[in-house]
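Enquirer: Sharing a structure with you now.
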Amino acid sequence: MKHFEIGLNAVIYAVTEDEPRVLTVLDEGLGSDSPALAWGRLDPVGDRTLELGLRRWVREQTGLELGYVEQLYTFGDRERAPAAATEEARLFSVAYVALVWEEEPPGRLATWRNVYDFLPWEDWREGRPPILDRLLVPHLRAWASGRPTPRAAREERIEITFGLGDAGWDEERVLDRYELLYEAGVFSQRHAAQAGDGMALDHRRILATALGRLRGKLKYRPVVFELLPNHFTLLQLQRVVESLAGVRLYKPNFRRLVEKAGLVEGTGKLHGGTGGRPAELFAFRREVLRERPASGVGLPSLPAPTA
């Protein structure tokens, strides 16, 4: 290994018709025909900052101009790049999360995909995901029992991570669940086709990290409003939160919390496109950013999925 290189990854989220979407690209340079996150290498001379380098790569690969961008994490495992590449250089990737409005990317290799195509066990909006009982939990149980002691510690980890028994589902443990499934060999060639769609290199791990970060930030930062138009109904707001959290929320409690927290204000206008009684349109109260440090929508009355 002669040197190291810095890569820049963008997890670009949008929510369209209640579906959480991520922008993917096809890049033969990664040595894989699987979808990848938008990415590119840092130009140490031409890119004044990492974020400017990221924005440049996204613009070149997808044609999109990013608005809200937040640094996520740095990924640097030696095995994350193809073997041929690791002989020459160690590839570190600085990942970012971006929230945008979905629009047709002009780049011919860029495509919007449902986030839960890659992480199907994370979507509980229609109830317990069938993949848990069909594949994941049986595989994890067999993995735990087939290893040397301490077996109890592995079983406890499974219980807590996947909310089995009395543990309760924690929507923020997205990365913990992904890493446990990876460690247990669920994404091996034998089960790969059944365990959701794969991604190039470790991009599915990056996606899981980003989803867990967003779910946590819903509770204390108003990031959800980056995914909404300037004027929206409370039902639209709730559906966007549910799409990211992967659960259904109790409507009266959600609305009570949002209004009590002063996150939104009525516009006096009505939205008539619901097919029923016109709903009032609201707007985000930007004053809340100065009023208190924690200004997220929260996840009220979060149900505890049963095992």
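The values are calculated or read from the model by the stated rules, or taken from the named source; none is laboratory data. These numbers come from a predicted model, not from an experiment. Cβ atoms come from the backbone with ideal geometry, glycine included; neighbour counts cover every protein chain shown. For accessibility, only protein heavy atoms count, side chains too; no ligands or nucleic acids. Shrake-Rupley method; radii C 1.70, N 1.55, O 1.52, S 1.80 Å.
Enquirer: Which FRET efficiency value, to the nearest 0.05, do you get for Thr16 and Arg277 by plugging their Cβ-Cβ distance into 1/(1 + (r/R0)^6) with R0 = 22 Å?
Expert: Efficiency, rounded to the nearest 0.05: 0.35.
Enquirer: Can you give the extra length, in nm with one decimal, that the chain gains between Asp166 and Ser32 once fully stretched, where that is 0.36 nm per residue apart less the Cα-Cα distance?
Expert: Full-extension gain reported as 44.2 nm.
Enquirer: Assuming R0 = 35 Å, can you tell me the calculated FRET efficiency for the pair Thr267 and Asn114, based on Cβ-Cβ distance, to the nearest 0.05?
Expert: Taking R0 as 35 Å, the efficiency between Thr267 and Asn114 is 0.70.
Enquirer: Before rounding to the nearest 500, sum -39500 (n - 2.57) across all DSSP H runs of length at least 4 in the chain and divide by the residue total; then give [θ] at 222 nm in deg cm²/dmol.
Expert: -9000 deg cm²/dmol
Enquirer: So how far apart, in nm, are the two label points at Lys219 and Val45 if each is 7 Å from Cα heading toward Cβ?
Expert: Calculated label separation equals 4.8 nm.
Enquirer: Report, by chain and number, residues whose modeled amide H sits under 5 Å from the one on Val264, excluding near sequence neighbours (fewer than 5 apart, same chain).
Expert: Arg285
Enquirer: Cα to Cα, under 15 Å, and not fewer than 8 places away if on the same chain: which aspartates and glutamates meet these conditions relative to Lys269?
Expert: Partners within reach: Glu280.
Enquirer: Pop out the carbon and sulfur fraction of the accessible area of the chain as a percent, whole number, probe 1.4 Å. Display every interim value, and only then the final one.
Expert: On the way: 7470 of 15240 Å².
On the chain, the fraction of accessible area on carbon and sulfur atoms equals 49 percent.
Enquirer: Sticking with this one: Which order, highest average first, do 261-269, 171-179 follow once you tally other Cβ atoms within 10 Å for each residue and take the mean per peptide? All intermediate terms of the calculation are to be shown ahead of the outcome.
Expert: Details: 261-269: 14.4, 171-179: 19.3.
Answer by packing, highest mean first, reads 171-179, 261-269.
Enquirer: Any idea how far apart Asp133 and Glu156 come out in nm if each label point goes 7 Å out from Cα toward Cβ?
Expert: 2.8
Enquirer: Compare the Cα positions of Ser34, Val288, Phe92 along the charge dipole of the chain (+1 at Cβ of Lys, Arg; -1 at Cβ of Asp, Glu; about the Cα centre) and return the one farthest towards the positive end.
Expert: Value computed over the given set: Val288.
Enquirer: Roughly what would the spin-label model give for Ala142 and Val288, points 7 Å off Cα along C-beta, in nm?
Expert: Taking the simple label geometry, Ala142 and Val288 are separated by 4.7 nm.
Enquirer: I need the shape label for the chain. Rule: rounded when a/c is under 1.5, else prolate if a/b > b/c, else oblate, with a, b, c from the alpha carbon gyration tensor.
Expert: oblate
Enquirer: Roughly how many debye, to the nearest 20, is the charge dipole of the chain about its Cα centre, given +1 on each Lys and Arg Cβ, -1 on each Asp and Glu Cβ, and no other charges?
Expert: That gives a dipole near 800 debye.
Enquirer: Ok, one more. Could you tell me the accessible area of Leu26 in Å² (1.4 Å probe, neighbours in place), rounded to the nearest ten?
Expert: 90
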